[in-house]
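All remarks here apply to the structure that follows.
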Amino acid sequence: MNGAVTRPLKELPQQASHASPWDYFALLKPRVMSLVIFTALVGMVAAVSTGAGIHPLLAAISLLAIAVGAGASGALNMWWDADIDALMARTIGRPIPRGLVPAPEAAGFGGILSALSVALLALASNYVAAGLLAFTIFFYLVIYSMWLKRLTPQNIVIGGAAGALPPVVGWAAISGSAPIEAWILFGIIFLWTPPHFWALALYREGDYARAGVPMMPVVKGERSTKRQIFIYAVILAFAGAAPYFVGMAGPFYLAVASALGAWFVWLSFGVLRSEPGEKELPKRLFGFSILYLFAIFAAILIEDLWVIYG
Amino acid sequence: MDELSPEERKKRGQRNVAIALLIGAFVAIIYLVTMLKIGANIASGNP
């Protein structure tokens, strides 16, 4: 399916002379960037806890490069999706649909920041991390934004890999490699992404339908989406405990991940049982999913800091 | 080319300052990375 509404970018209002530096900063999707910084930091600290290490200032610069790379991919995404962003209530306030930043400028801005962030990461840490960051930006722009987003309801399942890579990039920035433990962190975010975005799509379904984006509720309906959210929540609850069972986390982490994983499943069950058209429960699940990811990564961070400094 | 309004002129000035600060910060970061890498190589006895 490819029913997305498109229109030439030149039809969008463009008043570059009204843009402030903050409008360009908004192109970087600061809220997404903050999650990337946090998960990459957890990957870095986890790598340090295994005995790897680089100079703390180089680690901080590497984290900055990862953050800028994530922001750059956000700007490129806003450039590519400017036409559909202008049709959705959630995204209509972004700088391009508002006419503050011309779409080609956003593309140039994102492209330059992508190149600089990858180069900076290569200089500050190593080529493995820089290669992974470049791949993340490529995956988010080309595989997710350009190809999958308007093509299939599995868009965010596959595209979620881009959002799941930052802890692997962070780990590689410290150790120069990406061991299985880093990919376990990747797996947790990868499995977390579908229920997170489908919960959002359940209460923003009208937005996606209007823009012609084939999100799961638009294409397969509410019932099927709720069932899949529940299945992913159950798998995620088990996957969330994996760090304990491979020895990269301790009992504190297991307690946090188990309790929050069970609550995630319970909330998803509530969504599954909810009436058609119910918006409040998916909204609650969406909010909780953010807390879930933050809390279990914070638990890993606390345990690893304890290992390093305790 | 149209004349810029005072508001547009102010925004352009802000953008110019932001670009100058970011380029300065980037140069400082590259300098810092270079010094740290050279320092580490000297400390480990590498040429």
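Within chain A, how many Lys pairs that are eight or more residues apart, or on different chains, come under 27 Å at the alpha-carbon?
13
Quick one: length gained pulling A:Ala255 to A:Val32 fully straight, 0.36 nm per residue minus the C-alpha distance? The partial results should precede the final answer.
Numbers: separation 223, 0.36 × 223 = 80.28 nm, distance 2.69 nm.
The span from A:Ala255 to A:Val32 would gain 77.6 nm if fully extended.
Would you please give the FRET efficiency between B:Ile23 and A:Trp306, computed as 1/(1 + (r/R0)^6) with r the Cβ-Cβ distance and R0 = 41 Å, to the nearest 0.05?
The pair B:Ile23/A:Trp306 has a calculated efficiency of 0.50.
Normalised by the residues of chain A, what does the relative contact order come to in percent, with Cα pairs under 8 Å and at least six apart? Present the calculation step by step, with values, prior to reporting the outcome.
Details: 501 pairs, mean separation 64.6, N = 310.
Computed value for chain A: 21 percent relative contact order.
Using +1 at the Cβ of each Lys and Arg and -1 at the Cβ of each Asp and Glu in the protein assembly as shown, identify which of A:Pro104, A:Gln154, A:Gly43 lies farthest towards the dipole's positive end.
After comparing all options, I get A:Gln154.
Would you calculate the volume per residue, in Å³, of the smallest convex hull containing every Cα atom of region A:158-310? Mind showing how you got there, number by number?
Details: hull volume 16.1 nm³, N = 153.
Cα-based convex hull of region A:158-310, divided per residue, equals 105 Å³.
Counting other C-beta atoms within 10 Å, which of A:Arg90, B:Arg12, A:Arg150 has the fewest, and how do the rest follow? Before the final figure, lay out each step's value.
Numbers: A:Arg90 12, B:Arg12 16, A:Arg150 21.
Ascending number of Cβ neighbours within 10 Å: A:Arg90, B:Arg12, A:Arg150.
Treat every Asp and Glu Cβ in region A:219-304 as -1 and every Lys and Arg Cβ as +1, leave all other atoms uncharged, and give the resulting dipole magnitude about the Cα centre to the nearest 20 debye. Walk me through the intermediate numbers first.
Working: 8 positive and 6 negative charges, 85 e Å.
It comes to approximately 400 debye.
Quick one: compute the contact order of region A:21-175, relative version, from alpha carbon pairs under 8 angstrom and 6+ residues apart, as a percent. Intermediate results must be reported in sequence, preceding the final value.
Working: 222 pairs, mean separation 55.9, N = 155.
The normalised contact order for region A:21-175 reaches 36 percent.
With r defined as the distance between the Cβ atoms of A:Ala262 and A:Arg210 and R0 fixed at 45 Å, what FRET efficiency is calculated, to the nearest 0.05?
On the way: r = 36 Å, r/R0 = 0.80.
Calculated value: 0.80.
Counting only the backbone N, which residues of region A:245-262 are under 17 Å from the spot 7 Å out from the Cα of A:Phe269 toward its beta-carbon?
A:258-262
Peptide B:3-16: average number of partner chain Cβ atoms within 10 Å per residue?
3
Compute the normalised compactness of region A:53-115: alpha-carbon radius of gyration over 2.2 N^0.38 Å, N being the residue count. Write out the running numbers ahead of the final one.
Working: Rg = 14.7 Å, N = 63, 2.2 N^0.38 = 10.6 Å.
Normalised Cα radius of gyration, region A:53-115: 1.38.
Quick one: the Cα spread of region A:141-216 along its three principal axes, in angstroms, biggest first?
Principal-axis extents of region A:141-216 (Cα, largest first): 46, 23, 14 Å.
When 1/r is averaged over all different Cα pairs and the result inverted, which Kirkwood radius in Å belongs to chain B? Before the final figure, lay out the partial values.
On the way: mean 1/r = 0.0735 Å⁻¹.
Mean inverse Cα-Cα distance, inverted, gives 13.6 Å.
Using R₀ = 41 Å, calculate the FRET efficiency as 1/(1 + (r/R₀)^6) where r is the Cβ-Cβ separation of A:Ala60 and A:Phe245; round to 0.05. Spell out each step's value before the answer.
Numbers: r = 32 Å, r/R0 = 0.78.
Calculated value: 0.80.
Any chance you could check the Cα centroid distance between region A:180-229 and region B:2-47 for me, in angstrom?
Rounded to whole Å, the Cα centres lie 39 Å apart.
Calculate the dipole size of chain A relative to its Cα centre from +1 charges on Lys and Arg beta carbons and -1 charges on Asp and Glu beta carbons; express the result in debye to the nearest 20.
Numbers: 19 positive and 15 negative charges, 135 e Å.
Once rounded to the nearest 20, the dipole reads 640 debye.
Only four residue types carry charge here, +1 at the Cβ of Lys and Arg and -1 at the Cβ of Asp and Glu. Report the dipole size of region A:118-221 about the Cα centre in Debye, rounded to the nearest 20. Write out the running numbers ahead of the final one.
On the way: 5 positive and 3 negative charges, 63 e Å.
That gives region A:118-221 a dipole magnitude of about 300 debye.
Which of A:Tyr208, A:Leu305, A:Ile188 sits farthest toward the positive end of the charge dipole of region A:154-310, with +1 on the Cβ of Lys and Arg and -1 on the Cβ of Asp and Glu?
Comparing the listed Cα positions along the dipole, A:Tyr208 ranks first.
How do the peptides A:66-74, A:127-135 rank, highest first, by the average count of neighbouring beta carbon atoms within 10 Å per residue?
Details: A:66-74: 26.8, A:127-135: 21.4.
Order by mean packing, descending: A:66-74, A:127-135.
If you find the alpha carbon centre of region A:277-310 and of region A:71-89, how far apart are they in angstrom?
27 Å
Provide A:His55, A:His18, A:His196 in ascending order of the number of other Cβ atoms located within 10 Å of each residue's Cβ, fewest first.
On the way: A:His55 14, A:His18 17, A:His196 24.
Neighbour counts put them in this order, fewest first: A:His55, A:His18, A:His196.
So for the protein assembly as shown, what are the equivalent ellipsoid semi-axes in whole Å, largest first, each being the square root of 5 times an eigenvalue of the Cα gyration tensor? Display every interim value, and only then the final one.
Numbers: eigenvalues 216, 208, 46 Å².
Those come to 33, 32, 15 Å.
Could you give the length gained by full extension between B:Ile42 and B:Arg9, i.e. 0.36 nm per residue of separation minus their alpha carbon distance, to one decimal place? Present the calculation step by step, with values, prior to reporting the outcome.
Numbers: separation 33, 0.36 × 33 = 11.88 nm, distance 4.94 nm.
Once the chain is fully extended between B:Ile42 and B:Arg9, it gains 6.9 nm.
Which value in Å is the Kirkwood Rh of region A:21-175 over different Cα pairs?
The Cα-based Kirkwood calculation yields 15.6 Å.
When 1/r is averaged over all different Cα pairs and the result inverted, which Kirkwood radius in Å belongs to region A:209-298?
Details: mean 1/r = 0.0710 Å⁻¹.
For region A:209-298, inverting the mean 1/r across all distinct Cα pairs yields 14.1 Å.
Values in this text are rule-based calculations from the coordinates and carry no lab data. This structure is a prediction, so every number in the text was calculated from the model and none was measured. Glycine also receives a Cβ, built like all others from the backbone with ideal geometry; neighbour counts cover every protein chain displayed.
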